[in-house]
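Undergrad: Got a structure for you, questions after.
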């Protein structure tokens, strides 16, 4: 073999070895790429659950109560403990007996009797509070105010004997509802005496109990005022309204006739 043939053979062997090396490296790269893709798929499947797992919530246990639902979705939230009810405000019935007796010392006899009749506990606390002087002073105050008093001589020893009189029981019941304030006329003697006793107060709504404006009298006047307004609206125009409309018509009709006559005269002069 010549030298040229030897050179061609060496060149062919080198070329074939290079091709084999390139193919081997390409196959190794493809294998590495496939392995990396498989690892990525496995990591994604572990990190992200399937849609079926996401849409299916865990069922609560039988021991736990099922929370309320909203639009088909189960709402889980923290459970708050029941708050205690607020305490009730203190009233006259919950006060001690000595405090109730001190309050009753500033009241008149009929008011003390009303307290005794309102509750059994107050009746026991105020059983020995009133005496004969309280009952007699109340009768004297009614005399000074010009209010009616019983004709017979009542028994001032005990409350039961004093209230056995039917008229006195009626006076006590009427006082609780301001019946005497509503029954007395504005020009009665009792009203005049009450104004003089309480400092010559003006007005006809004086209360025989407090000495100020009577709430029952003011409420009755308000109801009467509202009732009168409703009657006036339903009755139609009054006599004064009818007379006023008649005067308007009597003035308006001749005035219209005069204006028409003046307009006719002006039209005749111009045309």
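Rule-based calculations on the coordinates, nothing more; no lab input. Just so it is clear, the model here is predicted, and its values are computed rather than measured. Reconstructed Cβ throughout: ideal geometry from the backbone, glycine too, with neighbour counts over all protein chains shown.
Undergrad: So how do 140, 108 line up by other beta-carbon neighbours within 10 Å, fewest first?
TA: Ranked by crowding around the Cβ, least crowded first: 140, 108.
Undergrad: Could you check the spin-label model distance between residue 108 and residue 245? Points 7 Å from the Cα along Cα→Cβ, value in nm.
TA: Each label point lies 7 Å from its Cα, and together they span 5.3 nm.
Undergrad: Label residue 218 and residue 174 with points 7 Å out from Cα along Cα→Cβ: what is the distance between them in nm?
TA: 2.4 nm
Undergrad: Let me ask another. Compute the FRET efficiency between residue 85 and residue 118 as 1/(1 + (r/R0)^6), taking r as their Cβ-Cβ distance and R0 = 41 Å, and round to the nearest 0.05.
TA: 0.95
Undergrad: Related question: Please express the Cα-Cα pair-distance distribution P(r) of segment 94-234 as a list of whole percents, one per 10 Å bin, running from 0 to the bin with the greatest distance.
TA: All Cα pairs considered, the percentages come to 10, 35, 31, 17, 5, 2.
Undergrad: Now a separate question. Using 1/(1 + (r/R0)^6) with R0 = 51 angstrom and r between the beta carbons of residue 97 and residue 231, what's the FRET efficiency to the nearest 0.05?
TA: 0.45
Undergrad: Let me ask something additional. Going by how many other Cβ atoms sit within 10 Å of their own, how do 163, 122 line up, fewest first?
TA: Taking fewest neighbouring Cβ atoms as first place, the list is 163, 122.
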